[in-house]
1. State yes or no: is F164 open to solvent by 20 Å² or more (accessible area, probe 1.4 Å) and touching a helix residue (DSSP H, G or I) at 6+ places or on another chain (Cβ under 8 Å)?
2. Return yes or no: is D105 more than 26 Å from F164 (Cβ to Cβ), acidic (D, E) and either in a loop (DSSP other than H, G, I, E, B) or in contact with a Ser or Thr (Cβ under 8 Å, 6 or more places away or on another chain) (or both)?
3. Name every residue in the range 138-150 that is out of contact with any strand residue (DSSP E or B) (no Cβ under 6 Å at 6 or more places or on another chain) and under 15 Å from N83 (Cα atoms), in order of residue number.
4. Mind listing whichever residues of the range 104-155 are closer than 14 Å to E50 by Cα and free of Cβ contacts under 8 Å to residues at least 40 places away in the same chain?
5. For the range 35-65, enumerate the residues that are surrounded by fewer than 17 Cβ atoms within 10 Å (Cβ to Cβ) and of a type in the set (S, T, Y).
6. Is one or more of the residues making up the range 20-27 basic (K, R) and either closer than 21 Å to L133 by Cα or over 16 Å from the mean Cα position of the chain (by Cα) (or both)?
Amino acid sequence: MTAFKESRMTFDFADDCFYHIEKSQLHSQVEGFTTCECVVMLQDKVVLIEAKSSTPNPKNENDFDDFIYDIVSKFRDTMAFYNAVLLRHDKEVIGSKLRAVDLKDADYQLLLIIYGHREEWLPPVLDELKSKLRHVLKIWKIKDTEVKVINEKTAKEWHIITNFD
């Protein structure tokens, strides 16, 4: 099991289902990539997880747009990074269940977890994220229903995190 803390939340995944992409040696050697915290195999899906401790108010358009752009970049770059590692690099750094994924038929989920966010604040973030991710979803053949924005309480109910501050 590998545990780590990010954005006031504790994550704990079985090693065979886990790739801590931000802590990988390759990630530290490559500039220009902004990646999610990790990639994990959950219920036969390859899940890209990004955790945030807050988000700007959607009414503050410039800050909110920058926030969404940052998240879109992380999901886009993580898709490319993970697939590149499987195809062109030492994939032994990735958990065995993630290594065994057939990239042609893989089901992906993009999961943003925002600590301290009220349920009623989540839909505007989700709507804007889906809108800005359309090109990524289309090119990777990911259904827009596989983009999720949740808070720490839902993440704990879904057993994505084990604890939060």
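1. yes
2. yes
3. Once the filter is applied, which keeps residues that are out of contact with any strand residue (DSSP E or B) (no Cβ under 6 Å at 6 or more places or on another chain) and under 15 Å from N83 (Cα atoms), the range 138-150 yields I139, W140, K141.
4. Scanning the range 104-155 gives L126, V147, K148, V149, I150, N151.
5. S53, S54 - these are the residues of the range 35-65 that are surrounded by fewer than 17 Cβ atoms within 10 Å (Cβ to Cβ) and of a type in the set (S, T, Y).
6. no
A quick yes/no check of all residues on (1) β-branched (V, I, T); (2) at pLDDT 95 or above; (3) in contact with a strand residue (DSSP E or B) (Cβ under 6 Å, 6 or more places away or on another chain):
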site	(1), (2), (3)
K23	no, no, no
V30	yes, no, no
E50	no, yes, yes
P58	no, no, no
Y82	no, no, yes
D90	no, no, no
K104	no, no, no
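A quick yes/no check of all residues on (1) open to solvent by less than 80 Å² (accessible area, probe 1.4 Å); (2) in a helix (DSSP H, G or I):
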residue: K74; (1), (2): yes, yes
residue: E92; (1), (2): no, yes
residue: Q109; (1), (2): yes, no
residue: S131; (1), (2): yes, yes
residue: K138; (1), (2): no, yes
residue: K148; (1), (2): yes, no
residue: H159; (1), (2): no, no
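The values are calculated or read from the model by the stated rules, or taken from the named source; none is laboratory data. Only a predicted model underlies this, so the values are computations on that prediction, with no experimental measurement involved. Note: ideal-geometry Cβ built from the backbone for every residue, glycine included; neighbour counts use all protein chains shown. In case anyone asks, the SASA skips ligands and DNA or RNA and just uses the protein heavy atoms, side chains included. Shrake-Rupley method; radii C 1.70, N 1.55, O 1.52, S 1.80 Å.
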